[in-house]
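Just below is one structure, and these are the notes that go with it.
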């Protein structure tokens, strides 16, 4: 009787240790699977503007998170001199670069009417102005906007001026440049010019 009790107790203890070890391994694997869920939010974004069919518009934009605001800076070249509508569109989809329409409409998660920056929807960035050489300097601050909220969407540059009132998109004409908003590499250093 003592022998069978000892065997049963030993078997029970071994089984308990095995279960504890298995649970610890599962917990470790589970923790590893979700380690990225607590990664830091991106603070740098980039968008490379490419031309729609027949165009030459190109540019590079950097997006930098500054507290609860997002600063967009860069240059867009090969535009006609004057004002050009500049917006965030709902999709980062460049499959149709004939006219850029695969980028969808203005990014408007709140469903509010189109308007001037700060008075319309999130995608309303107003106009950028190209100088006589066709270059526009972009320096826009989006208040209360987090970079991760617009990653994977796109910037669109239009051929004409956004009148800031016409619905749904300001009557700015065709799309001449599109660039997907991606997460930037904060450690990348561009080669010297």
Listed with the fewest Cβ neighbours within 10 Å leading, 95, 58 appear as 95, 58
Taking max minus min of the Cα coordinates of segment 44-183 on each principal axis, largest first, gives extents in Å of 36, 31, 30
One finds the C-alpha centres of segment 120-144 and segment 43-110 to be spaced, in Å, by 10
Per the 1/(1 + (r/R0)^6) rule, R0 = 45 Å and r from the Cβ atoms of residue 166 and residue 60, FRET efficiency to 0.05 is 0.95
Here P(r) for segment 42-127, Cα-Cα distances in 5 Å bins, as whole percents, is 3, 12, 19, 25, 24, 13, 4, 0
In units of 2.2 N^0.38 Å, the Cα radius of gyration of segment 112-167 is 1.22
Hull surface over four for the Cα convex hull of segment 152-193, reported in nm², is 4.9
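Quick note: the coordinates plus some simple rules give every number you see, no bench work behind them. Small disclaimer: the values here were computed from a predicted structure and weren't measured. Positions of Cβ are generated from backbone atoms using ideal geometry, with glycine treated the same way; all protein chains shown enter the neighbour counts.
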